[in-house]
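The values are calculated or read from the model by the stated rules, or taken from the named source; none is laboratory data. Bear in mind that the values here come from a model prediction, so they are computed numbers and not experimental data. Glycine also receives a Cβ, built like all others from the backbone with ideal geometry; neighbour counts cover every protein chain displayed. The protein model used for the area step is the full one, side chains on, heavy atoms only, and it has no ligands, DNA or RNA in it. Shrake-Rupley method; radii C 1.70, N 1.55, O 1.52, S 1.80 Å.
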Amino acid sequence: MALAIRDVEERDLDAVLALNNTAGAGILATDPARLRVLFDQAHYFRVAEMNSVIAGFLIAFRADAAYDSPNYRWFQAHYESFVYIDRIVIGAAWQGHGLGRIFYCDVGSYAEVRVPILTCEVFLEPRDDMAVLFHGTLGFQEVGQQTMGATGPKVSLLARELPSFSFVREHYLEGDGLPDTPWLHERSRPCDMAAPQALAAGDKH
């Protein structure tokens with residue numbers, strides 16, 4: 001099977017919306033308007049394309065986003081610089097092929113040349129043991145817990161230090177910046193050219 005991990009394009013949004021809304025209880029359903037805000041604001045928004053079919057996606061934000069997710073805001077309050085994985089979805093037909101680990105390797109490569117830590121959360125109520133084990137084997141450590149809203153689920157807030165960042169900061173970021181090469185380029189986002197819209201509180205899986 002031919003696999004490509006690439007930046008999302010506007011033509012992909014219908015497929016992304018369908019995957020999101022059939023992902024089950026671990027991912028909040030969304031609508032085209034909210035998805036468009038994510039599309040406009042996310043620093044990292046990539047899809048996995050298998051034989052020309054969108055098989056999954058991952059969305060992540062850096063620390064300066066206008067994103068009002070309670071879990072994202074927790075990391076903003078505790079860390080100056082980070083990449084936050086907002087959601088990852090793999091279509092049912094493509095689960096078990098290692099796409100989750102491929103996505104985490106890819107977003108880790110994006111993050112480690114820009115920030116010192118990669119962050120996310122997993123549900124504790126109900127406890128998602130598969131997610132806890134998956135993140136533990138990838139080196140994530142719990143740095144806090146919180147309840148999402150007054151009656152929302154309890155989550156474990158996770159972070160993974162990115163040891164390559166200190167080298168990149170010393171040799172590149174404190175000097176002339178990252179080399180001008182395609183794999184280091186930032187995603188082109190519509191909100192880079194206009195004032196960002198804030199996402200509503202709780203618009204988070």
_Between Ala63, Ala48, which is within 22 Å of Tyr110 (Cα to Cα) and touching a Ser or Thr at 6+ places or on another chain (Cβ under 7 Å)?_
Ala63
*Just checking, how many residues over the range 45-66 are closer than 21 Å to Pro116 by Cβ, in contact with a Leu (Cβ under 8 Å, 6 or more places away or on another chain) and open to solvent by 30 Å² or more (accessible area, probe 1.4 Å)?*
0
*If the Cβ limit is 7 Å and pairs must be 6+ apart or interchain, which residue in the range 5-19 that is farther than 20 Å from Tyr104 by Cβ pairs with which residue that is open to solvent by 30 Å² or more (accessible area, probe 1.4 Å) and part of a helix (DSSP H, G or I)?*
Leu17/Pro32
*From the residues in the range 137-173 that are modelled with pLDDT of 95 or more and part of a loop (DSSP other than H, G, I, E, B), which one is surrounded by the fewest Cβ atoms within 10 Å (Cβ to Cβ)?*
Pro163
*Give the residues of the range 24-35 that are out of contact with any helix residue (DSSP H, G or I) (no Cβ under 7 Å at 6 or more places or on another chain) and either within 24 Å of Arg62 (Cα to Cα) or at pLDDT 95 or above (or both), sorted by residue number.*
Gly26, Leu28, Asp31, Ala33, Arg34
_Residues satisfying the stated conditions in the range 125-172, i.e. out of contact with any strand residue (DSSP E or B) (no Cβ under 7 Å at 6 or more places or on another chain) and at positive phi_ = Gly149
_Going through Glu125, Glu121, Glu112 one at a time, which residue ends up being of a type in the set (Asp, Glu), in contact (Cβ under 8 Å) with a residue 24 or more places away in the chain, within 26 Å of Ile5 (Cα to Cα) and open to solvent by 40 Å² or more (accessible area, probe 1.4 Å)?_
Glu112
*With respect to the numbered conditions (1) in a helix (DSSP H, G or I); (2) surrounded by 19 or more Cβ atoms within 10 Å (Cβ to Cβ); (3) free of Cβ contacts under 8 Å to residues at least 60 places away in the same chain; (4) β-branched (Val, Ile, Thr), which one is the sole condition not fulfilled by Val107?*
(3)
*Might you check whether a residue that is surrounded by fewer than 19 Cβ atoms within 10 Å (Cβ to Cβ) and under 23 Å from Glu125 (Cβ atoms) occurs anywhere in the range 80-102?*
no
